[in-house]
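**Q** Take a look at the following structure, please.
The values are calculated or read from the model by the stated rules, or taken from the named source; none is laboratory data. Computed from a prediction, not measured in an experiment: that's the story for all the values here. Quick reminder, even Gly has a Cβ in these numbers, built from the backbone with ideal geometry, and neighbours come from all protein chains shown. The area values use the complete protein model at the heavy-atom level, side chains included, leaving out ligands, DNA and RNA. Shrake-Rupley method; radii C 1.70, N 1.55, O 1.52, S 1.80 Å.
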Amino acid sequence: MNAPFRMERYLTDGGIETDLIFHGGFELPLFAAIDLMRNEEGRTGLEAYFRKYLEVAADKQVGFVLESPTWRASSDWAEPLGYTRDELAQYNRDAIAMMRKLREEYVERIPHILISGCIGPRGDGYDPGKEMSVDEARSYHTFQAAIFADEGVDMITAITMTNTPEARGLALAAHDAGLPCTISFTVETDGCLPTGMSLKDAIEAVDADGTAAPIQYMINCAHPSHFQPVLEEGSAWLERLGGLRTNASKLSHQELNDREDLDEGDPVELGDRHTELGRSVPNLRVVGGCCGTDERHIAQMADGWARS
């Protein structure tokens, strides 16, 4: 399936949930940004959030991936969040409509804007828990994949994948919906998935599905110091890595979970890391943030990447 990218470099947003909670002052039950689609105040807050990052892309004159605020909007989360399944489906549609509105607003100022339907793990983003089979994951993630196809997104991005069966099933669901797909794995401080599997083995396992293989892979929710040591120059699997959404903090997932305040790290140092990463990841085309990052970090990442 053809990739939707037309440019070599795209930015995306930062750590949406941490930014909205700690800087926007919003309460996000179950860390679900989709909850802000419930009312006008929340929707206005989401639009303001995305505009901060769109302004960075406009300033740097690079492409931008509008990643919908639907990471925690798959069907199992409807009941805990107090929605019916139909209400959750509508919020997914509304989120894509918001992305279209924002793209139209910035289409003259940013060289190329993609809309990506974001899908998160069925369970926790740090803990693989009880793994589904590939077929179970394919069936489960069809709920969002079908909505996104109907709404005309450019691609699907699966964020914070913790295990390969779910990643493989999600890639198949995207393929069934006729959409190109990016799989983004999260890693621990040793550069391995929460299951203990290496990035190399995880990427090769998902690629084994052939025609349903993702257009690229990403890493998210980890600081560069956690995964840089495993980026082996010249390795074939590294050619498949196309994006990074890094944490501001060098802390582990458990340490971040245990904190009550936000570790914003050092934006300048994080930008410098992206100079190194741009040199070591040959096909890097998407850069953004995860936990603790905001528009300051993204601007520094863009500058660091430009120096690579």
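**Q** Can you tell me how much longer the chain between V107 and S235 gets when fully stretched, taken as 0.36 nm per residue apart minus their C-alpha distance, in nm with one decimal?
**A** On the way: separation 128, 0.36 × 128 = 46.08 nm, distance 3.72 nm.
Going from the current span to full extension adds 42.4 nm.
**Q** Compute the separation of the alpha-carbon centres of the stretch 135-179 and the stretch 74-116 and state it in Å as a whole number.
**A** With the stretch 135-179 and the stretch 74-116 each reduced to a Cα centre, they are spaced 15 Å.
**Q** With θ set to phi - 60° and the Karplus curve 6.51 cos²θ - 1.76 cosθ + 1.60, what are the ³J(HN,Hα) couplings of the stretch 227-233 in order, to the nearest whole Hz, using x for Gly and Pro?
**A** 10, 4, x, 9, 7, 7, 4
**Q** Would you mind classifying the stretch 19-71 by shape? Square roots of the alpha carbon gyration tensor eigenvalues, ordered a ≥ b ≥ c; an a/c under 1.5 is rounded, otherwise it is prolate if a/b is larger than b/c and oblate if not.
**A** Details: a/c = 2.24, a/b = 2.00, b/c = 1.12.
Prolate shape, in that a/c is at least 1.5 and a/b is the bigger ratio.
**Q** Separate question: Quick check: net charge around V287, other residues with Cβ under 12 Å of its Cβ, Lys/Arg +1 and Asp/Glu -1?
**A** +2
**Q** How much accessible area per residue does the stretch 1-89 have, in Å², with a 1.4 Å probe?
**A** Working: 3930 Å² over 89 residues.
Ligands and nucleic acids excluded, the figure is 44 Å² per residue.
**Q** A further question follows. Given labels modelled 7 Å from the Cα in the Cβ direction, how far is it in nm from V268 to E87?
**A** My value for the distance between the label points is 4.8 nm.
**Q** Next question. Please give, to one decimal in nm, the separation of the simple spin-label points placed at D127 and E47, each 7 Å out from Cα toward the Cβ.
**A** Rounded to a tenth, the inter-label distance reads 3.8 nm.
**Q** List the trypsin sites (Lys or Arg not before Pro) in the stretch 1-60 that DSSP assigns to loop (not H, G, I, E or B) and whose Cβ has at most 11 other Cβ atoms within 10 Å. Which are they?
**A** Values: sites: R6, R9, R38, R43, R51, K52, K60; in loops: R6, R9.
Here the sparse-neighbourhood loop sites are R6.
**Q** Which number gives the lysine pairs in the chain that have C-alpha atoms under 30 Å apart and are eight or more places apart or on different chains? Provide the component values of the computation, followed by the final result.
**A** Values: K52/K60; K52/K101; K52/K250; K60/K101; K60/K250; K130/K200; K130/K250; K200/K250.
The result is 8.
**Q** Moving on. So what's the stretch 239-282 giving for Cα Rg divided by 2.2 N^0.38 Å, two decimals?
**A** On the way: Rg = 12.8 Å, N = 44, 2.2 N^0.38 = 9.3 Å.
In units of the globular-protein estimate, the stretch 239-282 measures up at 1.38.
**Q** What fraction, in whole percent, of alpha-carbon pairs in the stretch 1-103 exceed 21 Å separation?
**A** Values: 1942 of 5253 pairs.
So the pairs more than 21 Å apart make up 37 percent of the total in the stretch 1-103.
**Q** Over all directions, what mean area does the Cα convex hull of the stretch 29-156 project, stated in square nanometres?
**A** Values: hull surface 33.1 nm².
Hull-based average projected area comes out at 8.3 nm².
**Q** Here's a follow-up. Rg to Rh ratio, the chain, alpha-carbon atoms and Kirkwood radius?
**A** On the way: Rg = 17.5 Å, Rh = 18.9 Å.
That ratio equals 0.92.
**Q** What is the distance, in nm, between label points placed 7 Å from the Cα along the Cα-to-Cβ direction at E204 and at T189?
**A** It works out to 2.8 nm between the two label points.
**Q** For the chain, what does -39500 (n - 2.57) per DSSP helix run (n ≥ 4), summed and divided by total residues, give at 222 nm, in deg cm²/dmol to the nearest 500? All intermediate terms of the calculation are to be shown ahead of the outcome.
**A** Values: 11 runs with 129 residues, N = 308.
Calculated mean residue ellipticity at 222 nm is -13000 deg cm²/dmol.
**Q** Of all accessible surface on the chain at a 1.4 Å probe, what whole percent is carbon and sulfur? Don't skip to the end; give the middle numbers.
**A** Details: 5400 of 12150 Å².
Accessible surface attributable to carbon and sulfur in the chain totals 44 percent.
**Q** Give, in nm to one decimal, the length gained when the segment between I21 and A306 is fully stretched (0.36 nm per residue of separation minus the Cα-Cα distance). Let's see the in-between values first.
**A** On the way: separation 285, 0.36 × 285 = 102.60 nm, distance 3.00 nm.
Fully extending the segment from I21 to A306 adds 99.6 nm.
**Q** Right, another one. Tell me, Kirkwood radius of the stretch 187-308 from alpha-carbon pair distances, in Å? Intermediate results must be reported in sequence, preceding the final value.
**A** Numbers: mean 1/r = 0.0678 Å⁻¹.
After inverting the pairwise mean of 1/r, the radius is 14.7 Å.
**Q** Specify the inter-centroid distance of the stretch 277-308 and the stretch 1-67, based on alpha-carbon positions, in whole Å.
**A** For the stretch 277-308 versus the stretch 1-67, the Cα centre distance is 16 Å.
**Q** Need one number for the stretch 129-246: average projected area of the convex hull over its C-alpha atoms, nm².
**A** On the way: hull surface 27.5 nm².
Hull-based average projected area comes out at 6.9 nm².
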